[in-house]
Amino acid sequence: MSRWEPNSRGRLEQAALQLYSERGFEQTTVADIAMRAGLTERTFFRHFADKREVLFGGESSLQEISMNAIACAPDPLAPIDAVAVALDAWGVLIQDRRELVRQRRAVIAANAELQARELLKRASLASAIADALRRRGVADPAASLTAEAGIAVFKVAFERWMNEPGQQDLPQLIRETLDQLKAVTAGGCKVQRELVP
């Protein structure tokens with residue numbers, strides 16, 4: 001094999017997702033992934049610490065995108081609207097990778113360890129968003145609460161994007177979901193309640 005391989009990281013990600021889908025996460029080895037990608041195990045470890053990180057390698061990129069988007073958001077924006085700028089950037093990034101995202105989601109859903117790692121990823125992203133808000137002068141608990149609300153908005157929009165046929169525009173779904181959250185918290189949405197005798 002040659003020393004330089006074009007798009008090795010992408011090839012490894014694609015090979016891993018295919019193998020995890022075919023064989024399961026536990027039954028797939030790093031050697032299997034490297035072989036399927038036409039690369040060496042050494043190349044694999046240049047990109048990923050272990051086979052689990054193939055699924056979570058984008059976490060630091062999302063954190064960086066979040067921090068930059070919130071830092072660059074116009075000053076007069078409310079904290080939740082600054083977070084919306086970051087969420088919109090996530091949507092744009094993920095939008096064109098729908099099938100890979102769908103495969104990743106299925107692999108994680110089939111493995112309890114990976115589900116726990118996904119929860120840690122969300123917590124880490126919420127922490128990064130809260131830190132970015134604090135740098136904008138948002139005090140706690142507002143910074144933490146806004147960050148968690150942003151993660152919830154993204155999760156709800158993402159699930160709709162994955163589950164509803166014909167939903168193509170993830171950034172639009174994120175904006176709609178955020179608008180619904182704002183309406184609910186502003187009292188603009190009437191909630192029917194059953195009276196318990």
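The values are calculated or read from the model by the stated rules, or taken from the named source; none is laboratory data. Predicted model only: the values in this text are computed from it and were never measured. So basically every Cβ, Gly included, is an ideal-geometry build from the backbone, and we count neighbours across all protein chains shown.
Of all residues in region 137-180, those satisfying the criterion of being in a helix (DSSP H, G or I) and closer than 20 Å to P76 by Cα are A142, A143, S144, L145, T146, A147, A149, G150, R175, L178, D179. Just checking, which of A89, A116 is closer than 25 Å to D169 by Cβ and assigned to a helix (DSSP H, G or I)? After ruling out the rest, the residue left standing is A89. You will find that of L125, L114, the residue that is in contact with a Ser or Thr (Cβ under 7 Å, 6 or more places away or on another chain) and in the same structural domain as V156 (by TED's automatic domain parsing) is L125 and no other. Can you spot a residue in region 70-80 that is charged (D, E, K, R) and more than 13 Å from G150 (Cα to Cα)? Yes, some residue in region 70-80 is charged (D, E, K, R) and more than 13 Å from G150 (Cα to Cα). Restricting the search to region 126-136, which residues are assigned to a helix (DSSP H, G or I) and of a type outside the set (S, T, Y)? Across region 126-136, the qualifying residues are A126, A128, I129, A130, D131, A132, L133, R134, R135. Taking region 32-66 as the range and being touching a helix residue (DSSP H, G or I) at 6+ places or on another chain (Cβ under 6 Å) and on the phi > 0 side of the Ramachandran plot as the test, no residue passes.
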